[in-house]
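The values are calculated or read from the model by the stated rules, or taken from the named source; none is laboratory data. These numbers were taken from a predicted model, which means no experiment stands behind them. In this analysis, Cβ positions are derived from the backbone assuming ideal geometry, glycine residues included, and neighbour counts consider all displayed protein chains.
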Ligand SMILES: [Zn+2]
């Protein structure tokens, strides 16, 4: 028999662990990416979705419209508001000021956004003081509008250029900051540009060591700049809004160093990750870092949405309602039927 004091100690530890690992109380989260109806032809209604789904919270929503936010507030639903590297700097446009430059000095547009017809295609550079203040001002604006937190989509910023094989941003601010970060390759801005051009022209298999070293250093500098930018932005906002939470899109549940600046992640998962064992691992990673985590799926197959809902309910994890979600291979967004949702909710 286990002595009483020992068993109660175990019970205490268990309660403590469940308390620290669980994300408050599990429930359903609505992510109405935009407030519907968006136009006279739009048959979808965000208010109706709220009334049918009874979400505990609204995350990852793009709006600054006070009338919309008043609707959420009246219903007592906490909401986070979203921003991204394309936050406009002037009358809803991403003008040249403050934006990333490729090595060819072109303004940067993410590859998947090149065909989008939008007024704000250009991503801001984290080393540009104009963009730093644009990003900070938008953060303040969102929190002043009563958001409990801010969701930052596309948190890679300058790192995105590395992922697109472009090394990094080569605006004037980035190059001069790099010369302070590492002057062992050149002491002039022209010298840096020449080195970077050589890197991109070189045959990857025959690239000389000093060029590889330069590339590594420039990419490390860009990564560090993104982390510092996000951390400073968060710290500055916390001074005015000490309770604010910061969320980000951590695709596939990854927690790279720049993701770790945030308090929580919301992510789409590839189909191969949507199964019990993989979900356990992903939540374990988030828990061990002390982060909240919410997962969704962009699959056309209902079974993946069903697995995520079932897993969330069984493991007391918040469930992202599959409503107003992007679906791979489709130009239309997916909105789960209310009856179907009820059916999945009660399926065991
Ligand atoms: Zn730059």
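What's the number of the condition residue 177 fails, among (1) surrounded by 22 or more Cβ atoms within 10 Å (Cβ to Cβ); (2) modelled with pLDDT of 95 or more; (3) within 14 Å of the ligand (Cβ to nearest atom)?
The single condition residue 177 does not satisfy is (1).
Residue 139: closer than 21 Å to residue 247 by Cβ and in a helix (DSSP H, G or I), yes or no? Steps first, please.
On the way: closer than 21 Å to residue 247 by Cβ: yes; in a helix (DSSP H, G or I): yes.
So residue 139 passes the test.
Checking the condition more than 21 Å from the chain's Cα centre (by Cα), in a helix (DSSP H, G or I) and at pLDDT 95 or above, which residue from 310, 277 passes? Outline the logic, then answer.
Details: 310 fails: at pLDDT 95 or above.
Criteria check complete, one pass: 277.
For the stretch 62-71, give me the residue count where each residue is surrounded by 18 or more Cβ atoms within 10 Å (Cβ to Cβ) and touching a residue at least 60 places away in the same chain (Cβ under 8 Å).
The number of residues fulfilling the criteria is 1.
Only one of (1) over 19 Å from the mean Cα position of the chain (by Cα); (2) closer than 30 Å to residue 310 by Cα; (3) modelled with pLDDT under 95; (4) surrounded by 16 or more Cβ atoms within 10 Å (Cβ to Cβ) is not met by residue 31, so which one is it?
Every condition holds for residue 31 apart from (1).
Here is a yes/no grid of residues against (1) free of Cβ contacts under 8 Å to residues at least 60 places away in the same chain; (2) under 30 Å from residue 225 (Cα atoms):
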residue	(1), (2)
262	no, yes
270	yes, yes
287	no, yes
302	yes, no
316	no, no
320	no, no
342	yes, no
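Restricting to the stretch 280-307, what's the tally of residues that are assigned to a loop (DSSP other than H, G, I, E, B), surrounded by fewer than 17 Cβ atoms within 10 Å (Cβ to Cβ) and under 18 Å from the mean Cα position of the chain (by Cα)? Step through it out loud before you land on a result.
Taking the stretch 280-307 and keeping what is assigned to a loop (DSSP other than H, G, I, E, B), we get 289-291, 298-301.
Add one more test, that the residue is surrounded by fewer than 17 Cβ atoms within 10 Å (Cβ to Cβ), and what stays is 289-290, 300-301.
With the extra rule that they be under 18 Å from the mean Cα position of the chain (by Cα), the set shrinks to 289-290.
The number of residues fulfilling the criteria is 2.
So that you can scan it fast, the table gives a plain yes or no per residue for (1) at pLDDT below 95; (2) within 13 Å of the ligand (Cβ to nearest atom); (3) in contact with a helix residue (DSSP H, G or I) (Cβ under 9 Å, 6 or more places away or on another chain):
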site: 122; (1), (2), (3): yes, yes, no
site: 134; (1), (2), (3): no, no, no
site: 143; (1), (2), (3): no, no, yes
site: 158; (1), (2), (3): no, yes, yes
site: 162; (1), (2), (3): yes, yes, yes
site: 170; (1), (2), (3): no, yes, yes
site: 220; (1), (2), (3): no, no, yes
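Is there a residue being assigned to a helix (DSSP H, G or I) and touching a residue at least 40 places away in the same chain (Cβ under 8 Å) anywhere in the stretch 180-191? Break it down stepwise before answering.
Residues of the stretch 180-191 that are assigned to a helix (DSSP H, G or I), as a first pass: 180-181, 189-191.
In the following step, the residues that additionally are touching a residue at least 40 places away in the same chain (Cβ under 8 Å) were identified as 181.
Yes.
Tell me which residues, restricted to the stretch 62-103, are touching a helix residue (DSSP H, G or I) at 6+ places or on another chain (Cβ under 6 Å) and more than 16 Å from the ligand (Cβ to nearest atom). Spell out the reasoning first.
Here is the first cut: in the stretch 62-103, the ones touching a helix residue (DSSP H, G or I) at 6+ places or on another chain (Cβ under 6 Å) are 79, 81, 83, 87, 89, 97-98, 103.
Answer for the stretch 62-103, where residues must be touching a helix residue (DSSP H, G or I) at 6+ places or on another chain (Cβ under 6 Å) and more than 16 Å from the ligand (Cβ to nearest atom): 79, 81, 83.
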